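The values are calculated or read from the model by the stated rules, or taken from the named source; none is laboratory data. Please read all numbers here as calculations on a predicted model, not as lab measurements. As a convention, Cβ positions derive from the backbone with ideal geometry for all residues, glycine included, and neighbour counts pool all protein chains shown.
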């Protein structure tokens, strides 16, 4: 049973931007019966959490703090987690009824990302294994590729039988949803993929990602539509500094 609690994280103490406030108002309309909890320094004990979180916090990498905290609060309390750049299209009660044991979503065909939004009951074994994995890590921006939450989320799900093919699957009763459900505007798609299945929109603020990196991804995705593959590969190599 998924309790009617909607969690989000806001660490660092800065005021909520206008677009975040707008999304929270959207949540209130789409989840009127839910208790909304903001997790921050006032109600989450940074000093007594794992090394990964403390180190990310010290470097002011708030999104990486959230990657772990979202798992811990869902494991303890159950409910639904949303990133602050997620807009709901469907009533959250209906979403929970459709996925009573929880859901996560593909961000691209070979990665699942809890930042798109996810739900689980308290004490879920998959969520616990993700927590345990983080507790074995130290935060290091030089190793960011293997510290991103999609990498870690997917790694644990693969251990439980996830197939990387962007299809609806059930992993230990958690529904893993295809891209169009939670990420129709994915950075990794060459066009929007809104369908009748779409439940929410992730706006991809990607605060952890350098602007140059986001620009590089978007450029490669857009050129896929108009250029031959060999030209795209040359562009990619140049942008990586190989030529």
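The condition (being under 26 Å from residue 27 (Cα atoms) and surrounded by fewer than 18 Cβ atoms within 10 Å (Cβ to Cβ)) is satisfied by just one residue among 123, 109: 123.
For the range 87-94, the count of residues that are closer than 23 Å to residue 29 by Cβ and surrounded by 22 or more Cβ atoms within 10 Å (Cβ to Cβ) is at least one. Among the residues of the range 13-31, those identified as assigned to a loop (DSSP other than H, G, I, E, B) and over 18 Å from residue 81 (Cβ atoms) are 13, 14, 15, 17. Checking 76, 42, 21, 60 one by one, the residue that is assigned by TED's automatic domain parsing to the domain that holds residue 137, surrounded by fewer than 22 Cβ atoms within 10 Å (Cβ to Cβ) and either more than 27 Å from residue 135 (Cα to Cα) or in contact with a helix residue (DSSP H, G or I) (Cβ under 9 Å, 6 or more places away or on another chain) (or both) is 21 and no other. Among all positions in the range 183-196, there is no residue which is surrounded by 13 or more Cβ atoms within 10 Å (Cβ to Cβ) and either modelled with pLDDT of 95 or more or more than 18 Å from residue 109 (Cα to Cα) (or both). From the list 47, 93, 85, 67, the one residue that fits, being at pLDDT below 95 and assigned by TED's automatic domain parsing to the domain that holds residue 119, is 85. Residues of the range 123-164 that are assigned to a helix (DSSP H, G or I) and touching a strand residue (DSSP E or B) at 6+ places or on another chain (Cβ under 8 Å): 126, 127, 150, 151, 153, 154, 157.
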